[in-house]
Amino acid sequence: MTGTRPRRRWPLVLAALAAVLLVAAGAVVTTRLISRPTPDSGTGPATPTPSTATPAAPTPSPTPPPGADLTGPLNLLLVGVDTRVSVPGWEPHADAVLILHVPAGLDRAYLFSLPRDLVVDIPAYPKSGYPGGRTKLTHAMSYGSRVPGDKGHPSAAQGYELVRTTVSRYTGLRLDAGAVLTFNGFDKLVDTLGGVDLYVDQRVASIHRRPDGRYRDRVGDNYTGPQMVYEKGERHLTGWQALDYARQRYTAGGDYTRQRHQQQLIRALARGILDQGLARDPARVEQVTDALGDTLVYAGGGRQLVEFAYALGGLDADAFVLVGLPGDAVSSGGSYQGEQLLPVGRQFLAALRDGTADSFLAAHPKLRVKT
């Protein structure tokens, strides 16, 4: 870290939406520990003892913590981006789109994914020159990130804006804050946390990596050479392994399986962070922050991340309910166009808007993702 770069603790939140607000709340705890008054060390003037003739000044009313005025429901958006910076002219795509919905009580949260190939109406976006159209959700990041006159330097912040607007219109949910995390950022995050313990629920063979972590050779659209395989069972994954495992969609269940694995990974990260007591260790907080560096873009709609951290500080890993929204393919003239949510998935979104998610999930228990 350079001497001029500001120290930022807020990127640690991505461990909890890459473990969303558990870590944000923990970073706030760290701030409290750092700023807590310490006993008199003897280096400053002694505090005078009040006399009976001079009454002590009244104790001022405590200042409300930032975010004390935040009430539910709240919705936070996480976009995982494949940048492929080594490919000239490559535009970022939204490879993972996750939403954390926190009901009015702020005591639990629902984490669910939208398919990257979900067919949606993407609105016009003048900043990038995109005229609008109906296509796959993953392209909203690409179309929004374009900077006219500067093709080689796409803007992830712009891309996030268009993804956010598209997702909000599709779901009918107001999105209060969110972030974009690159693959490299996620890799670094997991390694800085010491890896992650995860139950692999089915055998997964990687189309990207060799067993030693190197990328596999590619001939056209076909990958060749030895491949990394994640066998079913309890596993400890390093950064590149966790990222690689969560990226695989050419497996039984396709992209819907990948969505489930991404959600399970986020929850496993949250548990690991709590088990380590990471958020209460200032040095470790800084270590994670520095590891993320500029691989994260945060958008709070005018709110600082610390405000959400205070408001949602009561959440723990068990408060996260993972939800899988089923869908199927959309075709036109025999050609694959993308994905659509089944009616039960769209009904779940309506239940979120109406504040009836608990009763809806009780009536549709198969939507809950096992961990």
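Just so it is clear, none of the values below were taken in a lab; they were calculated from the coordinates. Here the structure is a predicted model, which is why all the values come from computation and not from measurement. Don't worry about glycine lacking a Cβ; one is built from the backbone with ideal geometry, like all the others, and counts go over all protein chains shown.
For the range 117-133, backbone phi angles converted through the Karplus equation (6.51, -1.76, 1.60; θ = phi - 60°) give residue-by-residue couplings of 9, 4, 7, 9, 8, 9, x, 4, 9, x, 4, 9, x, 7, x, x, x Hz, Gly and Pro being listed as x. Charged neighbours of Gly178, selected by a Cβ distance under 12 Å, balance to +1 (K, R count +1; D, E count -1).
The range 154-198 to the range 95-121: how many Å between their Cα centroids? The distance from the Cα centre of the range 154-198 to that of the range 95-121 comes to 11 Å. If you model the range 89-180 as an ellipsoid using its alpha carbon gyration tensor, with each semi-axis the square root of five times an eigenvalue, the axes come out at 25, 13, 12 Å, biggest first.
Highest-first packing order for the peptide set 114-126, 205-217, 149-161 is 114-126, 149-161, 205-217, based on the mean count of other beta carbon atoms within 10 Å. Each peptide among 196-204, 171-179, 257-265 gets the average number of other Cβ atoms lying within 10 Å of its residues, and from highest to lowest they stand as 257-265, 171-179, 196-204. Label zone of Gln227 (point 7 Å out along Cα→Cβ, amide N under 19 Å): in the range 191-211 this covers 200-211. Amide H contacts of Arg216 (H built 1.01 Å from N, in plane; Pro and chain starts excluded): Arg209, Arg210 sit under 5 Å, all sequence-distant by 5 or more or on other chains. When the pairs Lys127/Lys151; Lys232/Lys370; Lys188/Lys370 are compared against a 24 Å limit on Cα-Cα distance, Lys188/Lys370 fall above it. All other residues whose Cβ lies under 11 angstrom from that of Val330 are scored, Lys and Arg at +1 and Asp and Glu at -1, for a net of -1. Zone of Ala104 (label point 7 Å along Cα→Cβ, backbone N under 18 Å): which residues in the range 334-371? Taking a point 7 Å out along Cα→Cβ of Ala104, the residues of the range 334-371 whose backbone N falls under 18 Å are 350-361. For Ala96, the residues whose amide H sits under 5 Å from its own are Gly80, ignoring neighbours fewer than 5 places away on the same chain, with H placed 1.01 Å from N.
Phi angles of the range 329-335 translate, via the Karplus equation with coefficients 6.51, -1.76, 1.60 and θ = phi - 60°, into HN-Hα couplings of 6, 10, 10, 9, x, x, 9 Hz per residue; Gly and Pro are given as x.
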